[in-house]
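A quick write-up on the structure given underneath.
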Amino acid sequence: MRDNHRQPWLALTNRLGQAGNRTVDRSAFVRALFLPILLMMSWIHSAAAQQNAPPEVDTALPLTRAIVDFDLYTGQFQAVQRVTVQARVSGYLKTIHFEEGAMVEAGDLLFEIDPRPFQAELEQAEARLQVANAAQRLATVNNERAAELLRRNVGSEADADTRQAEFSRAVADVAFAEAVVAAARLNLAFTRIEAPIGGRISSIDIDVGNLVTTNSVLTRIVSLNPIEFRFTAPEEAYLRYQRLSQRHLRPASRDDANTVSVRLSDEDHWDRKGQMSFIDNALDPNSGTIEGRALFDNGDFFLTPGVYGRLRLPASERYEAVLIPDSAVVSDLANKIVYVVGDGNVVEARVVDLGPFHENMRVVRGGLGPGERIVVRGLQRVRPGQPVTPDDIELQLRID
């Protein structure tokens with residue numbers, strides 16, 4: 001009987017437990033369904049808030065420095081002296097006394113032509129000179145004797161004239177023989193071919209044993225220290241230099257008015273200093289340019305003729321300039337614009353007049369004052385009239 005009374009209560013309890021479990025499952029399902037939606041809405045609200053916040057940008061004050069403007073020219077190094085070594089006498093090449101590509105000094109022996117034929121010619125010429133000297137001595141004695149007999153009225157005047165003529169001819173024969181000896185001695189000296197200048201010697205154009213003829217090219221020599229840099233400047237630059245000179249405002253660099261700098265194609269700095277040495281006396285009528293040259297020390301022989309470089313030439317007097325990074329400039333059609341941060345950190349687009357580069361900065365000719373703060377990074381997030389969140393940084397001028 002007790003078991004029969006328990007069964008209805010047990011069934012009711014089981015049904016209530018099952019209903020409670022279904023209620024718990026439904027609330028968990030609702031939470032699992034709406035929780036991502038709530039998170040998404042929170043993220044969207046946060047993103048919108050961030051989007052509406054003023055963008056963060058880096059700002060800086062322009063630099064002011066006393067600088068000199070420079071003109072840049074592409075040019076080429078050339079040897080100050082260059083010589084084509086040629087033979088001056090004909091003969092068989094006997095010896096070579098240098099290595100190709102070596103450095104030589106002025107006066108170094110380079111080639112030697114077989115000297116024996118020229119030595120023989122010299123000895124013959126010297127022998128003929130001795131004969132001429134002997135004939136001159138005899139003619140001198142005969143001339144003096146004839147003159148003495150004429151004074152005593154013993155000899156004839158015709159005989160005295162003959163002896164005088166023989167004496168004059170003997171003197172001329174001696175002079176001619178001496179000239180032949182000098183020429184033979186000179187030809188013998190020409191068999192030793194020496195370096196006329198110091199510098200680097202080129203390849204050998206003829207081998208030992210070959211017949212060398214007059215004016216045969218044997219090799220070439222170029223001087224290396226100092227070395228010359230040649231470039232051409234346009235007419236407007238030449239006129240600007242002339243007007244500066246007329247106003248007694250010599251272009252000034254940090255070292256000297258005539259000091260120039262050269263940078264090679266693989267170099268980043270203007271460490272090679274030289275001095276202007278020549279400006280041509282006329283412009284080229286075809287190109288409208290004028291040639292200039294500058295001398296550079298090349299004691300280590302690193303530079304060689306034919307190497308190209310960029311020359312930096314002082315082109316103005318020293319003046320106070322406003323400098324900004326070139327990356328802070330935005331192009332708008334033909335205008336160059338910088339973003340100026342004004343009152344309330346509101347951005348203003350300012351049209352500026354740009355000058356040349358100075359080191360790693362750009363010169364501003366007009367449109368921007370030295371105390372105005374500009375945007376230097378984050379320009380893509382900036383719009384005119386929009387407030388920004390500035391982070392001030394300090395600009396650095398790199399000195400090459």
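The values are calculated or read from the model by the stated rules, or taken from the named source; none is laboratory data. The shown structure was predicted, so the numbers you read here are calculated from the model rather than taken from an experiment. All Cβ positions, even for glycine, are placed from backbone atoms using ideal geometry, and neighbour counts span all protein chains on display.
Overview of results
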read-out: Residue count for region 95-128, restricted to those that are in contact with a Gly (Cβ under 6 Å, 6 or more places away or on another chain) and over 29 Å from residue 305 (Cα atoms); value: 2
read-out: Selected residue (criterion: nearest to residue 264 (Cα to Cα)) from residues of region 277-304 that are part of a loop (DSSP other than H, G, I, E, B) and small (Gly, Ala, Ser); value: 299
read-out: Residue satisfying condition, being more than 19 Å from residue 98 (Cα to Cα) and not hydrophobic (A, V, I, L, M, F, W, C), within set 220, 192, 163, 200; value: 163
read-out: From the options 321, 294, 328, residue that is within 30 Å of residue 79 (Cα to Cα), touching a residue at least 40 places away in the same chain (Cβ under 8 Å) and buried (at least 17 other Cβ atoms within 10 Å of the Cβ); value: 294
read-out: All positions within region 314-367 that are over 23 Å from residue 391 (Cα atoms) and of a type in the set (Lys, Arg); value: 318, 336, 365
read-out: Criterion violated by residue 149 - all others in (1) at pLDDT 95 or above; (2) in contact with a Ser or Thr (Cβ under 9 Å, 6 or more places away or on another chain); (3) more than 30 Å from residue 226 (Cβ to Cβ) satisfied; value: (1)
read-out: Of all residues making up region 343-371, the number that are surrounded by fewer than 17 Cβ atoms within 10 Å (Cβ to Cβ) and in contact with a Pro (Cβ under 9 Å, 6 or more places away or on another chain); value: 9
read-out: Filter result (touching a strand residue (DSSP E or B) at 6+ places or on another chain (Cβ under 9 Å) and surrounded by fewer than 16 Cβ atoms within 10 Å (Cβ to Cβ)) within region 297-306; value: 297, 301, 304, 306
read-out: Single match in 365, 377 (criterion: at negative phi and in contact with a helix residue (DSSP H, G or I) (Cβ under 9 Å, 6 or more places away or on another chain)); value: 377
read-out: Test set (1) in contact with a helix residue (DSSP H, G or I) (Cβ under 6 Å, 6 or more places away or on another chain); (2) closer than 30 Å to residue 246 by Cβ - residue 359 fails condition number; value: (1)
read-out: Qualifying strands (runs of 3 or more DSSP E) (wholly inside region 144-253; at least 3 residues being within 17 Å of residue 111 (Cα to Cα)); value: 192-194, 199-201, 217-222
read-out: Residue that is surrounded by the most Cβ atoms within 10 Å (Cβ to Cβ), among those in region 100-132 that are free of Cβ contacts under 8 Å to residues at least 60 places away in the same chain and of a type outside the set (A, V, I, L, M, F, W, C); value: 128
read-out: Where a residue in region 218-241 is surrounded by 17 or more Cβ atoms within 10 Å (Cβ to Cβ) and its partner, wherever it lies, is at pLDDT below 95 and in a helix (DSSP H, G or I), with Cβ under 9 Å and at least six apart; value: 233/241
read-out: Residue in region 305-316 that is in a loop (DSSP other than H, G, I, E, B), in contact with a helix residue (DSSP H, G or I) (Cβ under 8 Å, 6 or more places away or on another chain) and at pLDDT below 90 present; value: yes
read-out: Residue 209 vs. criteria crowded, with 17+ Cβ neighbours inside 10 Å, on the phi > 0 side of the Ramachandran plot and of a type outside the set (D, E, K, R); value: no
